[in-house]
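Participant: Dropping a structure here in structure tokens format, bear with me for questions.
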Amino acid sequence: MVVQRLLPTEEAQDLLELVRGIAARELMPQASAAEEAERFPREVFRTLGETGLLSLPYPEEFGGGSQPAEVYLQVLEELGAAWSSVAVGVSVHALSCFPLVHFGSDAQRKTWLPDMLSGETLGAYCLSEAHAGSDPAAMRTKAVRHGDGYLIRGAKAWTTHAGQADFYTVMARTSDDPRRGVSCFLVPADAAGLSAAPPEHKMGLTGSTTATMHFDDVHVAADRMIGEDGQGLAIAYAALDSGRLGIAAVATGLAQAALDLAASYANEREAFGKRLIEHEGLAFLLADMAVETETARAMYLSAARLKDAGLPYGREASIAKLVATDNAMSVTTNAVQVLGGAGYTRDFPAERYMREAKVMQIFEGTNQIQRLLISRQLRR
């Protein structure tokens, strides 16, 4: 189903049409096979970069698309409906650019942003560690002052695009200060001492490479620190607010794809002499799936409009991420149920959608962490 969208400009309408065309031609035909083979689709990201889809939320002066969050997130949703691994990758790339765009110096932005936003280079975001996932302040990776720069030592777990990226936005500890002891660095992929462990064997999003990155005395020049010394956690939390909206949009696209599949199947298959969708029990289940998908869309768009207006949106980003990913898990699970035995086979993508939805409740802050953040806001 083509989603009815209320977009702010005719340019945005044209952009969404472009994205739907790319999704139909470049993404959908190869998604299932690439996921089955656990193949990272680097060429797809080059195509998206050439068409400007990797740079949409960032300033035109640096090669970005200068699109508001309201539009950018709907692009992510369309990509998520076609191929979640790619949509997550686009969101992660935007996340990895966020610190440089918002906290970098003019010289840093002029030097590195054009390639990052043109799609010439693909980014990764290194925050989590094996023992410090939901609690980034507990990270142990260190950046020690050395000569004209720093030596980074440690390991970053659960890195999307690990071993595939051209640059890594890395949070590392520069002091023992519990509040201002972490700094942000932009590390090139060819830096000596930087390596990726073998990829994780995941339940879903198998076309997206995830692995631990090892930093064995990786030297980075002092001018590759983004923001101020000790500003890393503040940068990371600001980036995560934006990243959570990206995941909310991708999850909504995934839910829409599962709903479309289930509705199509229920309209075509018959049982007891009538179409499945004419059986009230199943029809009501599909109606609930539609409600959940529309609710998720409304939540991320509401937060996006706050962001575009320059208003605080952190709480709303947590709510959108929580609602959209929980709903995606519900909708994809019910899609398998609507297809019955067929939904449990790989003849249909329903089972893949269900596996892909699960991790969306986990990354960019687990949904338990989102509840914690929301409750803290209420406490204030």
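The values are calculated or read from the model by the stated rules, or taken from the named source; none is laboratory data. A quick note: this is a predicted structure, and the numbers were derived from the prediction, not measured. As a convention, Cβ positions derive from the backbone with ideal geometry for all residues, glycine included, and neighbour counts pool all protein chains shown. Each accessible area value is taken on the protein alone, full model and side chains, heavy atoms only, with ligands, DNA and RNA left out. Shrake-Rupley method; radii C 1.70, N 1.55, O 1.52, S 1.80 Å.
Participant: Name the residue farthest towards the positive end of the dipole of segment 1-82 from the options 6, 76, 40, assuming +1 on Cβ of Lys and Arg, -1 on Cβ of Asp and Glu, about the Cα centre.
Facilitator: Of the options given, the answer is 40.
Participant: Which ³J(HN,Hα) values, rounded to whole Hz and listed in residue order, are derived for segment 321-327 from phi using the Karplus coefficients 6.51, -1.76 and 1.60 in 6.51 cos²θ - 1.76 cosθ + 1.60 with θ = phi - 60°, glycine and proline given as x?
Facilitator: 5, 4, 5, 5, 7, 4, 5
Participant: Rounded to whole Hz and in sequence order, give me ³J(HN,Hα) for segment 112-126 from the Karplus expression 6.51 cos²θ - 1.76 cosθ + 1.60, θ = phi - 60°, writing x for Gly and Pro.
Facilitator: Using θ = phi - 60°, the values come out as 10, 5, x, 5, 5, 8, 7, x, 4, 10, 10, x, 9, 10, 10 Hz.
Participant: Give me the lysines in straight-line cross-link reach of residue 307: C-alpha distance below 26 Å, same-chain residues under 8 apart excluded.
Facilitator: 110, 321
Participant: What residues qualify as long-range amide H neighbours of residue 174, i.e. H under 5 Å apart, gap of 5 or more or another chain, H built at 1.01 Å from N?
Facilitator: It is 143, 182, 183, by chain and number.
Participant: Taking the Cα atoms only, what angle lies between the long axis of helix 10-22 and the longest principal axis of the chain, rounded to 10 degrees?
Facilitator: Long axis of 10-22 versus the principal axis of the chain: about 80 degrees.
Participant: Now a separate question. Highest mean first, how do 97-106, 301-310, 73-82, 123-132 rank when packing is the count of other Cβ atoms within 10 Å averaged over residues?
Facilitator: Top of the packing list down: 73-82, 123-132, 97-106, 301-310.
Participant: Quick one: putting +1 on the C-beta of Lys and Arg, -1 on the C-beta of Asp and Glu, what dipole do you get for segment 2-118 around its Cα centre, in Debye to the nearest 20?
Facilitator: 240
Participant: Taking amide H positions as placed 1.01 Å from N in the peptide plane, with prolines and chain starts having none, which residues 5 or more places from residue 58, or on another chain, fall under 5 Å of its amide H?
Facilitator: 65, 66, 67
Participant: Right, another one. Charges at C-beta only: +1 for Lys and Arg, -1 for Asp and Glu. How large is the resulting dipole of segment 224-316 about its Cα centre, in Debye rounded to 20?
Facilitator: Values: 9 positive and 13 negative charges, 32 e Å.
Dipole size: approximately 160 debye.
Participant: Per-residue HN-Hα couplings for segment 170-180, Karplus 6.51 cos²θ - 1.76 cosθ + 1.60 at θ = phi - 60°, whole Hz, x for Gly and Pro?
Facilitator: 10, 9, 9, 7, 9, 7, 8, 4, x, 9, 10
Participant: Stokes-Einstein diffusion coefficient for segment 260-380 at 25 °C in a medium of 0.890 mPa s, Rh from the Kirkwood formula over Cα pairs: what value in µm²/s?
Facilitator: Result for D is 155 µm²/s.
Participant: Follow-up question, since we're still on this one. Could you look at the chain and say what percent of its accessible area is carbon and sulfur, using a 1.4 Å probe and all protein chains? Please report the intermediate quantities before stating the final value.
Facilitator: Working: 8510 of 16300 Å².
The computed percentage sits at 52.
Participant: Please identify every one of the trypsin sites (Lys or Arg not before Pro) in segment 88-185 that sits in a loop by DSSP and has no more than 15 other beta carbons within 10 Å of its own beta carbon. Kindly include the intermediate steps, with their values, before the conclusion.
Facilitator: Values: sites: 109, 110, 140, 142, 145, 153, 156, 173, 179, 180; in loops: 140, 179, 180.
Here the sparse-neighbourhood loop sites are 140, 179, 180.
Participant: Going by amide H atoms built from the backbone, whose H comes under 5 Å of the H on residue 126, apart from near neighbours?
Facilitator: Amide H to amide H, under 5 Å and 5 or more residues apart or across chains, residue 126 pairs with 169, 170, 171.
Participant: How large is the accessible surface per residue of the chain, computed with a 1.4 Å probe and reported in Å² as a whole number?
Facilitator: Numbers: 16300 Å² over 380 residues.
Result: 43 Å² of accessible area for each residue.
Participant: Can you find, among 64, 132, 28, the residue farthest towards the positive end of the dipole of segment 4-134? Put +1 on the C-beta of Lys and Arg, -1 on that of Asp and Glu.
Facilitator: Selected residue: 132.
Participant: Let's see if you can work this out: charge +1 on each Lys and Arg Cβ, -1 on each Asp and Glu Cβ, no other charges. What is the dipole magnitude of the chain about its Cα centre, in debye to the nearest 20?
Facilitator: On the way: 35 positive and 47 negative charges, 234 e Å.
With only Lys, Arg, Asp and Glu charged at Cβ, the dipole is about 1120 debye.
Participant: For the chain, what is one quarter of the convex hull surface built on the Cα atoms, given in nm²? All intermediate terms of the calculation are to be shown ahead of the outcome.
Facilitator: On the way: hull surface 75.4 nm².
Over all viewing directions, the chain projects a mean Cα-hull area of 18.9 nm².
Participant: Let me ask something else. For the chain, set up a GNM with springs between Cα atoms under 10 Å and report which of 28, 213, 354 has the largest fluctuation.
Facilitator: 28
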